[in-house]
Amino acid sequence: MTTVAVVGLGGLGSAAAYSLARRGADVIGFEQFELGHVRGASHDHSRIIRRSYHTPHYVRLTADAYRAWRDVENHSGQQVITTTGGIDLFPRDAAIDHGTYTSSLDSERVAYEWLDGAEVRRRWPAFAGGHLVADDVMAIHSPDTGIVPPNRSTTLLQQLAREHGAQLRERTPVRGIRPVGGEVDVITDEGATRVGAVVLTVDAWANRLLQPLGLQVPLAVTREQVSYFPRPDLERFGVGRFPVWIWMDDPSFYGFPVFGPVAGLKGSEDCGGPPVHPDTRSFEPDPKMEARLQAFMEGLVGPGFGAPATTTCLYTLTADRDFLLDRLPEHPQVCIALGAAHGFKFAAWFGEQLAALALGQSTGPELAPFAFSRPSLHEPIDRSAWLV
Ligand SMILES: Cc1cc2nc3c(=O)[nH]c(=O)nc-3n(C[C@H](O)[C@H](O)[C@H](O)COP(=O)(O)OP(=O)(O)OC[C@H]3O[C@@H](n4cnc5c(N)ncnc54)[C@H](O)[C@@H]3O)c2cc1C
C-alpha cells in the first residue's frame, strides 16, 4: 500500500490521517508544533456546524459534513456533534442577502423556518434583554445547527489515526517537499522521507511550501479572537434555551449557547481581526475588538457582561472564501486543502476527500468548484468577497 505523508495535523490533516489509515495506507503525519497546540485554527471548544449556506452546492455538502462526523462518532463511540438549533439573523437592509440562503435551502429541500424578531424573542427570551432583535429583524431558524468541539475532535481523529497504524510526528517541521518522478521527498531537519503521495493541510503556512514549487495562492491570514463573557444569569443561555446565532450584517458577529468547560457566553466577530504573519503574530487579545464585541452582545441580549476570557486564532482566507481542495498542477501526487476560515464543520469530510485524492481514488464532481486552477482563487484579496 502507498505511503502517504500528511503535513500539518490540525483538524483537516488529522482527519486525512485517520481516513487514509482506515483505508490501509501507511501514514506519516508531520506537525511543526506539539499536537493540540493553539497557534493555528483548530483549537478552542466550539465551532458551528450548520446546513444554512449561501449556495446550493455548500448546502448539499453540509449533508456530507454531518454524515462524515456521524461516521467518526459511530466508529469511535464518542459524540462529536451537539445539536443546539441555530438562527441566522438579518436586520433590515442587511449587508448579507438572506435570499441567497433561503433559495439555497429551498433548492436542496432542507427544512427551516423564517421567523420575525418577535417570534425569536418569544422562543429565546434572552434576546428580549437587548434591543437589536427588533420586530423587523428576520431569522432563518435551522433546527439541525450544532456545535463541533475543534480541540476535542481533532485529538479524537489523531487517536483514531494512530489506532489504525498512522505515525504522527509532532515538533517536526517540514522544510520542503520535492516531487521526484511519481513520488515525493518530504524534507525535515532529519533528512528526506520518500513517499508515494503528500497531503498538504498547513492552512496559514501554505505558501511557504507552495512557493518553492513555483506555486502561490493569494491568502489573507488574520488574527481573530473569541471571547467568553461571564454573566450572573448564564443559565438563561444554556443549550436548549439559547441557540447558535449569526448576525448577517457588516460587521458580522456570531455566538453560541454556553457550552464546554469555560463558564461564559461566547461570541466573536467574523473577519474582524488584523492581517498577521502566522509565525510572528501576537497572542495578546485586542481590547478594542473585545469592546466592539461586548457592545454588540449587550445590544443583542442586554447588559450584565463581566470581563471576558479571550483566545486568539488564525483565519486563512482565500480570495473568494471558497475552499481549496485539489491535486497540485503538475504534481498530482501532492494534494492540498484549505478551509477558507469555515472549514472545521467539514473536517471529517475533507479527510475523506483528501484520502481519495492521495490514493488516486475517485472523488465526485462536487470538488470542481474548489479546484486550484479556478480564476477566482487567484484574484487579488478583496474583503467584500468574504461577506457571505
Ligand atoms: C475564531 C475562529 C472561528 C471559526 N469558526 C468556525 C465555525 O464556526 N465553523 C467552521 O466550520 N469553521 C470555523 N473556523 C474555521 C476552521 O476552524 C478552520 O477552517 C480549520 O480549523 C482549519 O483547519 P486546518 O487543519 O486546515 O488548519 P490548522 O488547524 O491551522 O492546521 C494547520 C497545521 O499545519 C501545521 N503546519 C504548518 N506548516 C507546517 C510545516 N511546514 N510542517 C509541519 N506542520 C506544519 C500547523 O502548525 C498547524 O497545526 C473558525 C476559525 C477561527 C480561527
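The values are calculated or read from the model by the stated rules, or taken from the named source; none is laboratory data. Predicted, not measured: the structure shown is a model, and the values here were computed from it. Every residue, glycine among them, receives a Cβ derived from its backbone with ideal geometry; neighbour counts consider all protein chains shown. Keep in mind that these areas ignore ligands, DNA and RNA; they rest on the heavy atoms of the full protein, side chains included. Shrake-Rupley method; radii C 1.70, N 1.55, O 1.52, S 1.80 Å.
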For this session: Return yes or no: is R92 among the basic types (K, R) and assigned to a helix (DSSP H, G or I)?
Result: no
Problem set entry | Answer from Q361, Q353 - the residue that is open to solvent by less than 30 Å² (accessible area, probe 1.4 Å), in contact with a helix residue (DSSP H, G or I) (Cβ under 9 Å, 6 or more places away or on another chain) and farther than 23 Å from D270 by Cα | Q353
Exercise. So is A68 part of a helix (DSSP H, G or I) and at pLDDT 95 or above or not?
Worked result: yes
For this session: Provide a single number: the residues in region 325-339 that are part of a strand (DSSP E or B) and buried (at least 21 other Cβ atoms within 10 Å of the Cβ).
Result: 8
Seminar exercise, completed: Across (1) surrounded by fewer than 22 Cβ atoms within 10 Å (Cβ to Cβ); (2) part of a helix (DSSP H, G or I); (3) more than 22 Å from the chain's Cα centre (by Cα), A21 clears everything bar (1)
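Could you tell me which of the residues L89, L157 is more than 17 Å from F296 (Cβ to Cβ) and within 21 Å of the chain's Cα centre (by Cα)? Working first, answer last.
On the way: L89 fails: more than 17 Å from F296 (Cβ to Cβ).
Result: L157 is the single residue among L89, L157 that is more than 17 Å from F296 (Cβ to Cβ) and within 21 Å of the chain's Cα centre (by Cα).
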Seminar exercise, completed: Of the conditions (1) in the same structural domain as R175 (by TED's automatic domain parsing); (2) on the phi < 0 side of the Ramachandran plot; (3) more than 11 Å from the ligand (Cβ to nearest atom), the single one that G24 does not satisfy is (2)
For this session: Tell me, yes or no, whether region 56-79 has at least one residue that is outside the structural domain of V239 (by TED's automatic domain parsing) and either under 19 Å from D250 (Cα atoms) or touching a Ser or Thr at 6+ places or on another chain (Cβ under 6 Å) (or both).
Result: yes
Problem set entry | Members of region 140-153 that are open to solvent by less than 10 Å² (accessible area, probe 1.4 Å) and assigned to a helix (DSSP H, G or I) | P150, S153
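Filter region 356-371 down to residues that are of a type in the set (A, V, I, L, M, F, W, C) and under 19 Å from the mean Cα position of the chain (by Cα), then give me how many there are. Before you say what the answer is, go through the steps one by one.
To start, the set of residues in region 356-371 that are of a type in the set (A, V, I, L, M, F, W, C) comprises 356-359, 367-368, 370-371.
Checking the rest, the ones that are also under 19 Å from the mean Cα position of the chain (by Cα) come to 367, 370-371.
Count: 3.
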For this session: Give the residues of region 229-246 that are of a type outside the set (V, I, T) and open to solvent by less than 10 Å² (accessible area, probe 1.4 Å), sorted by residue number.
Result: F229, F237, F242, P243, W245
For this session: Any residue in region 230-254 that's free of Cβ contacts under 8 Å to residues at least 40 places away in the same chain: show its pairings with residues that are open to solvent by 30 Å² or more (accessible area, probe 1.4 Å) and outside any helix (DSSP H, G or I) at Cβ separation under 6 Å, as long as the two are six or more apart or on different chains.
Result: L234/V258; G238/V258
